Amino acid sequence: KEGAKRAIESALKDARLNFSKVNYINAHGTGTILNDKIESLAINDVFYGLSDCPSVSSTKSLHGHLIGGAGAIELLACLMAVNQNVIPPTINFEEKDPFCDLNLVINNAQEKKVDYALSNAFAFGGANSVVIINKF
């Protein structure tokens with residue numbers, strides 16, 4: 001989880017953005033037990049203690065894992081969330097994993113003011129990337 005956590009913290013530092021300003025996270029969320037647990041723990045570590053935790057979803061449930069193209073599609077989802085103030089859901093959600101203690105947007109889109117969105121892309125071997133989108 002340390003690599004994912006470090007990537008999120010580095011993106012926030014590079015953007016000079018306080019973690020409390022993030023409204024939405026498009027999780028890498030591959031739907032695998034190990035990846036989702038690690039990402040959930042990393043997100044919880046970074047955003048721990050917020051009374052208004054960012055909403056989290058994974059659009060891979062909508063478009064699948066497009067290997068190298070997944071990050072671009074997920075970035076577009078973040079742009080749309082910021083532009084339209086609508087967070088896309090994780091669809092086909094049935095049961096919450098006890099290790100995934102996040103503010104999840106499940107099965108239905110959610111209207112919410114989104115000034116800052118964070119897009120996670122975590123690959124095999126620790127190639128981690130996090131991009132932050134903001135409303136101008």
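The values are calculated or read from the model by the stated rules, or taken from the named source; none is laboratory data. All values derive from a computational prediction rather than experimental measurement. Neighbour counts are summed over all protein chains in view; Cβ atoms, including those assigned to glycine, are modelled from backbone coordinates with ideal geometry. Protein only, heavy atoms only, side chains kept; ligands, DNA and RNA dropped before computing areas. Shrake-Rupley method; radii C 1.70, N 1.55, O 1.52, S 1.80 Å.
Working only within the stretch 17-35, note down all residues that are touching a residue at least 12 places away in the same chain (Cβ under 8 Å) and either surrounded by fewer than 19 Cβ atoms within 10 Å (Cβ to Cβ) or more than 22 Å from I133 (Cα to Cα) (or both). Please lay out each step first, then the result.
The initial filter retains those residues of the stretch 17-35 that are touching a residue at least 12 places away in the same chain (Cβ under 8 Å), namely 17, 19-31, 33, 35.
Once the filter is applied, which keeps residues that are touching a residue at least 12 places away in the same chain (Cβ under 8 Å) and either surrounded by fewer than 19 Cβ atoms within 10 Å (Cβ to Cβ) or more than 22 Å from I133 (Cα to Cα) (or both), the stretch 17-35 yields L17, F19, S20, K21, T30, G31, I33, N35.
Every listed requirement among (1) without any contact (Cβ under 8 Å) to a residue 40 or more places away in the chain; (2) over 18 Å from A4 (Cα atoms); (3) over 15 Å from the mean Cα position of the chain (by Cα) is met by K135 save one, (1).
Just one of the numbered conditions (1) at pLDDT below 95; (2) in contact with a strand residue (DSSP E or B) (Cβ under 8 Å, 6 or more places away or on another chain); (3) within 18 Å of I38 (Cα to Cα) is not true of A77: (3). Out of the stretch 44-60, which residues are out of contact with any helix residue (DSSP H, G or I) (no Cβ under 7 Å at 6 or more places or on another chain) and either modelled with pLDDT of 90 or more or open to solvent by less than 40 Å² (accessible area, probe 1.4 Å) (or both)? Listed by number, the residues that qualify are N44, S55, S57, S58. The number of residues in the stretch 7-16 being open to solvent by 40 Å² or more (accessible area, probe 1.4 Å) and closer than 23 Å to G69 by Cα comes to 1. Among the residues of this structure, P89 counts as one that is out of contact with any helix residue (DSSP H, G or I) (no Cβ under 7 Å at 6 or more places or on another chain) and buried (at least 16 other Cβ atoms within 10 Å of the Cβ).
Taken over the stretch 95-131, the criterion of being of a type outside the set (K, R), more than 16 Å from A70 (Cα to Cα) and either touching a residue at least 60 places away in the same chain (Cβ under 8 Å) or open to solvent by less than 50 Å² (accessible area, probe 1.4 Å) (or both) is satisfied by D97, F99, C100, D101, L102, L104, V105, V114, D115, Y116, A117, G126. Of the set (1) under 15 Å from L118 (Cβ atoms); (2) open to solvent by less than 10 Å² (accessible area, probe 1.4 Å); (3) modelled with pLDDT under 90, all apply to G71 but (2).
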